[in-house]
Amino acid sequence: MTYRESSGRYLGVVVGGSMTRGVDVRLSPDCPVEEMALGQHVVIQGQSRRFYGVITDIALEWSDDSIRANPPDTSNPLIAGVVATSAAYAMLRVLPMLAIEGEFAMLDGPAPARTVPPHFAPVRLASEEDVQVVFGAEDSRHFWVGNPLDMETRVCLDLEEFVTRSNGVFGKSGTGKSFLTRILLAGILQKSAAVNLVFDMESEYGWMGTSEGTGMVKGIKQLFPSRVGVFSLDEDHSRRRGVSPDYLLRVGYNQIEPGDIDLLRENLGLSEVAADAAYSLARHYGQERWVRSFLDVSGPEMRELAADLNVNERALSTLHNRLSRFRRYDFMTERESDESVEEILRYLDRGIHVVLEFGRHRHDLSAYMLVANLLTRRIHERYVRRKEEAMGDASREPRPLVITIEEAHRFLSREVASQTTFGNIAREMRKYNVTLLVVDQRPSGIDEEVMSQLGTKLVCLLDNERDVDAVTAGTYGARELRSVLSRLDSKQQSLVFGHSVPIPVVLRVRDYGTAESYRELGFLEASEMRRQMERDADDLFGGRD
Amino acid sequence: MALGGDARVGEVVESSSTGFVSQSYRLYGAPHLGALVRTGGPCPAYGVVHEVATRGIDPSRRPTARGEGEASEEDVYRSNPQLEHLLRTDFRAVIVGHASEGGTLYHLPPSPPPIYAFVHVCVADELSAFSASTDCLRLLAGSGIAALEEVVAAFLRHAVAAQPDPQAFLAGAGRQLAALIPGDFRTVESILLRAAP
Ligand SMILES: Nc1ncnc2c1ncn2[C@@H]1O[C@H](COP(=O)(O)OP(=O)(O)OP(=O)(O)O)[C@@H](O)[C@H]1O
Ligand SMILES: [Mg+2]
């Protein structure tokens with residue numbers, strides 16, 4: 001298939017500009033400036049190639065200074081019409097990002113633009129076909145995430161590419177992060193690009209989630225019942241919602257390591273000295289027993305212990321006090337074998353995605369972080385070992401795993417990112433087939449190095465300057481992206497940029513929550529499922545007559 | 001003093017590459033300001049009338065007043081029939097294009113119209129054909145004649161009457177003028193306001 005001339009709306013011609021600033025496009029008088037939008041995609045037809053770029057600024061210009069002081073009488077339609085098409089006009093700033101060369105562009109795809117189009121090259125809005133050439137059509141690895149503003153075209157993410165790096169979903173509260181994340185999880189499932197392990201703090205991904213509009217929406221377990229396992233820390237909670245979890249997860253005191261306490265330091269309000277004492281305790285009692293034994297210490301024994309360990313007694317009592325809170329967690333037991341970790345791994349190995357619901361512990365960040373960190377550490381260790389054992393034999397390698405965490409800045413802050421498993425995973429990329437999907441409303445709290453390692457960022461509206469800086473830092477066209485970012489709609493719109501899209505794109509995120517949307521994702525209603533089974537049976541046994 | 005049809009109105013009496021002066025056949029019989037005229041000759045030139053003057057035939061003598069005893073201005077001329085021969089009306093036109101075998105060209109003719117070339121007023125079809133392209137404004141707007149705004153507005157008033165779609169014509173002309181008179185939209189605006197029917 002050859003790539004024809006673009007059929008998008010004609011906008012005007014290039015009249016100047018530069019590679020670094022972007023090119024200036026004189027908007028044609030037939031194109032109302034009101035219908036232009038920041039972030040829209042355009043194509044510029046050069047002599048031998050087509051440039052693909054983004055509108056990064058829209059300006060009102062004039063060729064006659066006097067009309068600024070003395071605006072013409074625009075109540076007269078003749079004068080209004082003439083001035084709008086001559087002395088007063090609009091300019092677009094377009095950042096050329098990609099060059100598409102030759103008529104086989106459909107096959108070759110785009111390459112980064114290294115120059116600008118010539119003077120007076122015609123500029124058009126990108127057509128559906130242009131968008132498809134750039135983003136790829138929906139297929140076994142390209143997953144539809146949304147539509148460009150004012151367009152019906154489907155923009156796809158290359159999910160196989162996506163899961164090879166850690167990625168981020170950002171946006172302030174209520175902008176659609178959870179919905180977008182659920183869509184991505186469903187996509188990874190639908191395309192079998194990886195297996196997911198979701199630390200589902202709010203219990204909104206597994207069985208069902210809430211929506212401000214329609215009340216309830218289906219979680220991925222409902223969409224793909226046989227391919228998702230729901231693990232729960234809180235059986236009552238699950239039962240109350242009419243869900244029976246596939247597995248009830250328990251955590252043993254023996255599984256808590258001093259590193260977990262380090263991660264929770266800020267949360268628990270511990271001084272560095274107190275957190276360090278955990279390491280001394282682990283040395284003193286041994287890893288398997290230190291929490292349990294320490295919790296049993298009381299009264300005067302504390303002073304002795306402090307002296308033995310050579311740590312400050314006050315610090316030690318604070319630590320004791322904070323760790324005692326763990327007693328309230330009914331998912332904690334004296335001892336747990338690594339059975340629950342093994343169970344998760346068994347699910348994952350069979351290609352079954354795991355969602356861990358926290359139930360009533362969802363308001364307890366310490367519980368969330370403790371469990372997520374502890375499980376991830378163990379699972380990551382297993383992955384590292386198995387990957388090394390496979391010694392490059394792809395068939396023996398563990399399946400690519402994507403771990404989803406919310407409130408990611410707590411795990412990946414500057415202070416802790418260098419020590420936590422999450423920090424390691426973010427930095428080592430796909431080396432061990434494990435990557436993260438971080439979901440956060442305060443990306444400025446995440447370590448810069450981790451941010452810079454994120455492959456693809458899907459960013460909903462952010463209005464805090466520092467958060468905007470944090471997500472755009474180090475990206476080509478950061479300044480332009482910033483202005484696009486702060487103008488997103490407050491819901492269901494996202495700027496997507498990075499590794500798995502060839503060019504930053506503002507999307508209206510695809511709808512989630514309607515029957516139609518479930519069907520698009522591969523969900524079969526019970527009746528359809530029956531019909532499907534009958535069809536399958538017919539295929540197998542020959543049709544009935 | 002209305003002019004009828006494709007009237008011959010005078011002859012060229014002074015000529016240069018950019019404009020010509022014609023003497024009107026009849027006293028006060030010159031075309032109106034802004035009218036489109038065409039000369040005869042091997043290379044017919046189109047001009048826009050930008051100045052009309054009436055004076056005595058002897059430039060060294062000024063006419064003397066004669067109407068003190070008359071009831072009206074017309075009576076002055078009736079009582080002095082010789083005046084028709086002692087006074088003359090001349091009009092100046094700026095060249096805005098020329099006719100060639102291939103059609104109308106909106107640039108200067110290779111040679112100016114000869115002395116005694118006949119001068120016709122263009123109306124109806126000829127006027128509408130000539131002004132069909134807004135290029136017809138190019139030489140006029142760049143001519144540097146006195147009272148440019150007035151002349152352009154008057155020309156457009158004539159032309160717009162001959163056009164099938166006056167609004168579109170004026171809008172097109174306005175855009176062209178904005179390009180021809182850059183940085184001065186006020187002038188364009190005032191021309192358009194005066195040209196609108
Ligand atoms: N893709 C979508 N399809 C349908 N509705 C959506 C979509 N995205 C967002 N919404 C609407 O916006 C609301 C807020 O979205 P969501 O709960 O995902 O926000 P959030 O960013 O996760 O907020 P919080 O920070 O509070 O967790 C949803 O309840 C839903 O009504
Ligand atoms: Mg959310």
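In the P(r) worked out for the range A:104-240, what percent of Cα pairs fall beyond 27 Å? Numbers along the way, then the final one.
Numbers: 3321 of 9316 pairs.
Tail of the P(r) past 27 Å holds 36 percent of the pairs.
Tell me the total accessible area that B and A bury against each other, 1.4 angstrom probe, in square angstrom rounded to 100.
Rounded to the nearest hundred, the buried surface is 1100 Å².
Inverting the mean 1/r over all pairs of different Cα atoms, compute the Kirkwood radius of the range A:10-131 and quote it in Å. Intermediate values should be presented prior to the final figure.
Details: mean 1/r = 0.0652 Å⁻¹.
About 15.3 Å for the range A:10-131.
Can you compute 3J(HN,Hα) from phi for each residue in the range A:306-323, using the Karplus curve 6.51 cos²θ - 1.76 cosθ + 1.60 with θ = phi - 60°, rounded to whole Hz and x for Gly and Pro?
Values per residue, Gly and Pro as x: 4, 5, 4, 7, 6, 10, 4, 5, 4, 4, 5, 5, 4, 4, 4, 4, 5, 5 Hz.
With 26 Å as the limit, write out which pairs from A:Lys177/A:Lys387; A:Lys218/A:Lys431; A:Lys177/A:Lys218 have Cα-Cα distances beyond it, or answer none.
Values: A:Lys177/A:Lys387 32 Å; A:Lys218/A:Lys431 33 Å; A:Lys177/A:Lys218 16 Å.
In this structure, A:Lys177/A:Lys387; A:Lys218/A:Lys431 lie more than 26 Å apart at Cα.
Once the mean 1/r over all distinct Cα pairs of the range B:146-197 is inverted, what Kirkwood radius in angstroms do you read off? List each step's numbers first, then the result.
On the way: mean 1/r = 0.0922 Å⁻¹.
Here the Kirkwood hydrodynamic radius works out to 10.8 Å.
Relative contact order for the range A:59-166 using alpha-carbon pairs under 8 Å, separation at least 6, rounded to a whole percent?
Numbers: 95 pairs, mean separation 17.4, N = 108.
Contact order relative to length: 16 percent.
With θ set to phi - 60°, apply the Karplus curve 6.51 cos²θ - 1.76 cosθ + 1.60 along the range B:98-112 and write out the HN-Hα couplings as whole Hz, x wherever there is a Gly or Pro.
Karplus-based 3J(HN,Hα) across the range B:98-112 equals 8, 8, 10, 4, x, x, 7, 10, 9, 9, 5, x, x, 9, x Hz.
Step by step: find N for the range A:469-518, compute 2.2 N^0.38 Å, then divide the Cα radius of gyration by it. What's the final number? Please list the in-between numbers first.
Numbers: Rg = 13.0 Å, N = 50, 2.2 N^0.38 = 9.7 Å.
Cα Rg divided by the expected 2.2 N^0.38 Å: 1.34.
Below 8 Å, C-alpha to C-alpha, sequence gap of six or more: please give me the relative contact order for chain A in percent. Before the final figure, lay out the partial values.
Values: 1030 pairs, mean separation 95.4, N = 545.
Reported relative contact order: 17 percent.
Please figure out what share of the DSSP beta bridges in chain A is antiparallel and state it in percent, rounded to the nearest 5.
On the way: 55 of 85 bridges.
If we restrict to bridges inside chain A, about 65 percent are antiparallel.
Near the amide H of A:Cys31, under 5 Å away, which other amide H atoms are found, from residues 5 or more places off or on another chain, if H is placed in the peptide plane?
Under 5 Å from the amide H of A:Cys31: no residue qualifies.
Using the crude model of +1 on Lys and Arg Cβ and -1 on Asp and Glu Cβ, and no other charge, please compute the dipole size for chain A relative to its Cα centre, in debye to 20. The partial results should precede the final answer.
Values: 66 positive and 82 negative charges, 85 e Å.
That gives a dipole near 400 debye.
Mind jotting down the three principal axis lengths of the range B:56-148 based on Cα atoms? Whole angstrom, largest first.
The principal-axis extents, from largest down, are 57, 30, 27 Å.
How long are the three semi-axes of the equivalent ellipsoid of the protein assembly as shown, in whole Å, if each is the root of 5 times an eigenvalue of the C-alpha gyration tensor, listed from largest down?
Three semi-axes, in Å: 85, 28, 21.
What is the diffusion coefficient of the range A:1-62 in µm²/s, taking the Kirkwood radius over Cα pairs and the Stokes-Einstein relation at 4 °C with a viscosity of 1.567 mPa s?
Values: Rh = 12.9 Å.
Answer from the Stokes-Einstein relation: 101 µm²/s.
How many percent of the alpha carbon pairs in the range A:253-328 exceed a separation of 22 Å? Intermediate values should be presented prior to the final figure.
Numbers: 265 of 2850 pairs.
Summing the P(r) tail past 22 Å for the range A:253-328 gives 9 percent.
Round to a whole number: what % of the accessible area of the protein assembly as shown belongs to carbon and sulfur, probe 1.4 Å?
Values: 16610 of 33970 Å².
Answer for the protein assembly as shown is 49 percent, counting heavy atoms of protein chains only.
So which GluC sites (Glu not before Pro) in the range A:1-85 end up in coil per DSSP with only 14 or fewer other C-beta atoms within 10 Å?
Values: sites: A:Glu5, A:Glu34, A:Glu35, A:Glu61; in loops: A:Glu5.
Those that pass, being in a loop and sparsely packed, are A:Glu5.
Give me the compactness ratio for the range B:8-195, meaning the Cα radius of gyration over 2.2 N^0.38 Å.
Values: Rg = 18.3 Å, N = 188, 2.2 N^0.38 = 16.1 Å.
Dividing the Cα radius of gyration by 2.2 N^0.38 Å gives 1.14.
In what order, largest first, do A:Arg21, A:Arg427 sit by accessible area if the probe radius is 1.4 Å?
Working: A:Arg21 100, A:Arg427 65 Å².
Order by accessible area, largest first: A:Arg21, A:Arg427.
Please compute P(r) over all alpha-carbon pairs of the range A:347-496, binned at 10 Å starting from zero, and give each bin as a whole-number percent.
The calculated distribution, bin by bin, is 10, 36, 33, 18, 3.
Per the Kirkwood definition applied to all pairs of different Cα atoms, how many angstroms is the hydrodynamic radius of the range A:207-259? Let's see the in-between values first.
On the way: mean 1/r = 0.0770 Å⁻¹.
Here the Kirkwood hydrodynamic radius works out to 13.0 Å.
Return the sequence-ordered ³J(HN,Hα) values of the range A:328-341 in whole Hz as given by the Karplus equation 6.51 cos²θ - 1.76 cosθ + 1.60 applied to θ = phi - 60°, using x for Gly and Pro.
Per residue, the Karplus-derived 3J(HN,Hα) values read 6, 6, 6, 8, 8, 10, 4, 9, 10, 6, 7, 4, 5, 5 Hz.
Can you tell me what percent of all Cα-Cα pairs in the range A:197-312 are more than 19 Å apart? Please report the intermediate quantities before stating the final value.
Working: 4076 of 6670 pairs.
That fraction is 61 percent.
Amide H of B:Ala35 versus every other amide H placed in the peptide plane: which residues, excluding those fewer than 5 positions away on the same chain, fall under 5 Å?
Sorted by chain and number, the residues that satisfy this are B:Val49.
For chain B, modelled as a GNM with alpha-carbon contacts under 10 angstrom, which of B:Ser100, B:Ser72, B:Ser143 fluctuates the most?
Judging by the Gaussian network model, the answer is B:Ser72.
In the range A:138-245, which GluC sites (Glu not before Pro) are in a loop and have at most 10 other Cβ atoms within 10 Å, using DSSP for the loop call?
Numbers: sites: A:Glu138, A:Glu152, A:Glu160, A:Glu161, A:Glu202, A:Glu204, A:Glu212, A:Glu235; in loops: A:Glu138, A:Glu152, A:Glu202, A:Glu204, A:Glu212.
Loop-located and lightly packed - A:Glu152, A:Glu212.
Let me have the relative contact order for the range A:417-507, percent, based on Cα pairs under 8 Å that are six or more residues apart.
Working: 106 pairs, mean separation 22.8, N = 91.
Rounded, it is 25 percent for the range A:417-507.
GNM on chain B, C-alpha springs below 10 Å: top fluctuator among B:Pro110, B:Pro81, B:Pro42?
Per the Cα network of chain B with a 10 Å cutoff, B:Pro81 tops the list.
Take chain B, mark every one of the trypsin sites (Lys or Arg not before Pro) that falls in a DSSP loop and has at most 13 other Cβ within 10 Å, then report the longest stretch left between them, sites excluded. Present the calculation step by step, with values, prior to reporting the outcome.
Working: sites that count: B:Arg26, B:Arg61, B:Arg66.
Between the exposed loop sites, the longest stretch runs B:67-197.
The values are calculated or read from the model by the stated rules, or taken from the named source; none is laboratory data. All values derive from a computational prediction rather than experimental measurement. As a convention, Cβ positions derive from the backbone with ideal geometry for all residues, glycine included, and neighbour counts pool all protein chains shown. The accessibility values were calculated without ligands, DNA or RNA, using every heavy atom of the protein model including side chains. Shrake-Rupley method; radii C 1.70, N 1.55, O 1.52, S 1.80 Å.
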